[in-house]
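Computed from the coordinates by the stated procedures, all read-outs in this text should not be read as laboratory data. None of the values given here were measured: they were computed from a predicted structure. Cβ coordinates were reconstructed from backbone atoms using ideal geometry, including for glycine residues, and neighbour counts include every protein chain displayed.
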Amino acid sequence: MSEDIQTYSATAESGNVHERRSRWAKIKLAARKSPYTARFGITVILTYVLVALLAPLLAPYGEAQVFPAPYEPWSSTHFFGTDQIGRDIFSRMIYGARNTVGIAVATTLLSFLIGGSLGLAAAIDRRWIDQIFSRSVDVLMAIPSLIFALVLLSIFGSTVLNLIIIIAVLDATRVFRLTRSVAVNVVVMDYVEAAKLRGEGLGWVMRREILPNILPPLIAEFGLRFCFVFLTIAALSFLGVGIQPPTADWGSMVRENANLLQFAQYDLRAGLTPLLPAAAIALLTVAVNFVVDWFLHKTSGLRDEQ
C-alpha cells in the first residue's frame, strides 16, 4: 500500500488520454444496463418494425389475394386459415403491421408537431396566445375523443389522410397541455430571458433554448401517446370507420373474424383466429410501455440501490 502511495504521480495521471465514448458505445452500455422488461420491449418493437418494412417479402400471399375457400382451417398452406372471403389471415397479419403501426407513428408525429409547437408558443407568450390556445384546447378536451372522431370521420370520410389528421388534432390537445406545463418552468430561466433581450425570434427560442430542456418528458409522452393512438385506430377500424378494406388492419381483422369465436368448442384453433390480431395489438402496447417506463426511470435521476 505504501509503495502505491509513493509511486503515485498526479502529473502522470493528468497526462493520461481519456477517450470519449462514441454514441454507439453509449447505446450499447445503456442496453446492457437496462432491465429485462426494457430489453423485451425493445426486441418486440424492433421485430414489429422489421416485419412492417419487409412485409412483401415475408408474406406468403398478397394483402388482398382471395382464395376459393373461405374460413379454411389452419394448415401448411394457410398458417392461420382464411377469413370470410378467403383471404390468407397470416399474410394480412403481416401487412397489418405495416398499415396499423405506420399510420399510428405518422399520427403521433403530427400530433406532437401541432401540440408541441402550440404548447411552446403558449408558454413563451402568456398573454393572448396562451389564452386563445388554452381555451380552444379546453373545448376540444371536453368532448369525448372517440365519439368526436366517429362524427368527423362520418362527415369527411374514412380515408387514411382524414384518419391521420383528425386523430392527430384531437390527440394534440394532450400534447399541448404537457408541453405547456413543462415549458412554463423553463421560460423563466435567465438564458431564455437573455435570448429574448438579444432579439431572438419566437421560433429560435423555442428550438434552441426551451425544447432541448424539456425533451425527456416529451419523449416519454411520445411512447404513451403512440399507444393511445394505436388503440384508437384499432377501435375505429373495429367500428368500421377506421382503415377501410381491402387494406389490412388488425382492428378490422378482429371485427371480420369475430364470428369464429362461437366455433371454439368444435375447433379451438378457429376460435383463436380473431384473437391473433388482438394479441398483436396488446403485445406492442405492453412493449412500448416497458420501454417508456425504463426511459422515465433513466431520465428521472433515480438509481437503483446497490
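Annotations
Residues are listed down the side, and each one gets a yes or a no for (1) in contact with a Leu (Cβ under 7 Å, 6 or more places away or on another chain); (2) on the phi < 0 side of the Ramachandran plot; (3) surrounded by 12 or more Cβ atoms within 10 Å (Cβ to Cβ):
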position	(1), (2), (3)
ASN162	yes, yes, yes
ILE165	no, yes, yes
ASP171	no, yes, yes
VAL175	no, yes, yes
VAL187	no, yes, yes
ASP190	no, yes, no
ALA195	no, yes, yes
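- Test set (1) over 13 Å from the mean Cα position of the chain (by Cα); (2) surrounded by 15 or more Cβ atoms within 10 Å (Cβ to Cβ); (3) among the aromatic types (Phe, Trp, Tyr); (4) more than 26 Å from THR159 (Cβ to Cβ) - PHE290 fails condition number: (1)
- One residue stands out among those in region 46-70 that are aliphatic (A, V, I, L, M) and surrounded by 17 or more Cβ atoms within 10 Å (Cβ to Cβ): the one that is farthest from PHE290 (Cα to Cα), which is ALA59.
- Residue ranges of helices (runs of 4 or more DSSP H) in region 215-306 with at least 2 members aromatic (Phe, Trp, Tyr): 215-239, 275-299
- Taking every residue in region 156-180 that is within 22 Å of PRO246 (Cβ to Cβ) and touching a residue at least 12 places away in the same chain (Cβ under 8 Å) and pairing it with any residue that is small (Gly, Ala, Ser) and surrounded by fewer than 18 Cβ atoms within 10 Å (Cβ to Cβ), at least 6 positions away or on another chain, the pairs with Cβ-Cβ distances below 7 Å are ILE164/ALA106.
- Hey, PRO73 in contact with an Asp or Glu (Cβ under 8 Å, 6 or more places away or on another chain) and either surrounded by 13 or more Cβ atoms within 10 Å (Cβ to Cβ) or within 23 Å of GLY203 (Cα to Cα) (or both) or not: yes
- Among the residues of region 81-128, those that are among the hydroxyl-bearing types (Ser, Thr, Tyr) and within 23 Å of ALA64 (Cβ to Cβ) comprise THR82, SER91, TYR95, THR100.
- Test: residue in region 113-127 that is in a helix (DSSP H, G or I), within 13 Å of THR232 (Cβ to Cβ), in contact (Cβ under 8 Å) with a residue 24 or more places away in the chain and touching a helix residue (DSSP H, G or I) at 6+ places or on another chain (Cβ under 7 Å): no
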